[in-house]
Amino acid sequence: MPVSVKNPYAPYPVRIEDIRVETEDRSLKTFKLVFVNPGDAEKFAYQSGQFAEISVAGQGEIPIGIASSPTEKGFIQFTIFKTGRVTSHLHQMEIGDVMGVRGPLGNSYPWNVLKGKNILIIGGGFAFTTLRSSIKMMLDPAHRSDFGNIDVVYGARTPGMLLYKDELMEWEKRDDIRMHITVDKADDPGWAYHVGFVPAITREVAPAASEDTVTIICGPPVMIKFTLPVLEELGYSHDHILMSLENRMKCGIGMCGRCNIGKELVCKDGTVFTLSQLTATPMEY
């Protein structure tokens, strides 16, 4: 009998189990999803750093980084910014509604290579989603001993625009991770953390560059543009800087060709690249 092959365009049906408003302007919501067919959960085996396509019948689909960690069982999680037709429809959906998830897609951060390394995570705005997945995975008791020091620089425009506030505070209380939270403008009189743009705070708090330290950076293009020179000033080599280009995603499976950078297809050859790999491509990212 012929082997059954799943249609790569066919999503898994998932049901909304919980919705959490993340930011004060309500532009970002986190959706906790469970698979309608329990067996699909095993098929959707992912690693931190991967993304998926979320679809709504009659509306379309969008690529979104996976915010949950593979160590969190029984659900998958996505934090969605209300910005267009599909995302606006998603923000109107309710607990119990059904949508589709296609994936997992792209590569992940190279966790086998990162074992034994110190990790510096730099994130900004709502691009912190896959970084949240990575932090949760590394802090899991089954994995924490696989990594050395963990430093996190995370920034948002204001305190009210920070994601995952409860978890940020929990992580800050731990002694096995160093959190450096910053905002561009502290409009809260009780704000007790950094004030300043991510590149400037990175210059102040980043651990010394070494062969044992790797940086994972994900954020808005302007943040990345001004943070990369800081890392270079601090002595971080290009092959120790990991970047994710999931914002270039289209079909996610290399068929449409619209995510190419030179000969590289971001969805097939990435979405995670070292800066060394990217500097060998046309400067389109």
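Odds and ends about this structure:
- In this simple spin-label model, placing a label point 7 Å from the Cα along the Cα-to-Cβ direction at both Tyr9 and Thr71 gives a separation of 3.9 nm.
- For the residues Lys115, Lys29, Lys225, a GNM of the chain with alpha-carbon springs under 10 Å puts the largest fluctuation on Lys225.
- Unsatisfied cross-links (Cα-Cα over 26 Å) in the set Lys43/Lys263; Lys29/Lys185; Lys82/Lys136; Lys32/Lys82; Lys32/Lys225; Lys82/Lys263: Lys43/Lys263; Lys32/Lys225; Lys82/Lys263
- Both radii come from the Cα set of the range 12-104: Rg as radius of gyration, Rh as Kirkwood radius; their ratio Rg/Rh reads 0.93.
- Membrane-span-like helices of the chain, defined as complete DSSP H segments with a Cα extent of 30 Å or more along the helix axis and a mean Kyte hydropathy of at least 0.0, are absent.
- Antiparallel DSSP beta bridges within the chain, percent to nearest 5: 60 percent
- Distant-in-sequence amide H partners of Ile150 (H built 1.01 Å from N, under 5 Å): Ile119, Arg178
- Distance histogram for the chain (every C-alpha pair counted, 10 angstrom bins, percent rounded to whole numbers): 6, 28, 36, 23, 6, 1, 0
- FRET efficiency estimate (nearest 0.05) - Cβ-Cβ, Lys82 to Lys225, R0 22 angstrom: 0.30
- Scattering profile of the range 111-244 at q = 0.10 Å⁻¹ [log10 I(q)/I(0), Debye over alpha-carbon scatterers]: -0.29
- Vicinal HN-Hα couplings computed from phi for the range 30-44 (Karplus, 6.51 cos²θ - 1.76 cosθ + 1.60; Hz; Gly/Pro x): 9, 10, 9, 10, 10, 6, 5, 9, x, x, 5, 4, 5, 5, 8
Only the coordinates and a few stated rules stand behind these numbers; no lab work does. Computed from a prediction, not measured in an experiment: that's the story for all the values here. Reconstructed Cβ throughout: ideal geometry from the backbone, glycine too, with neighbour counts over all protein chains shown.
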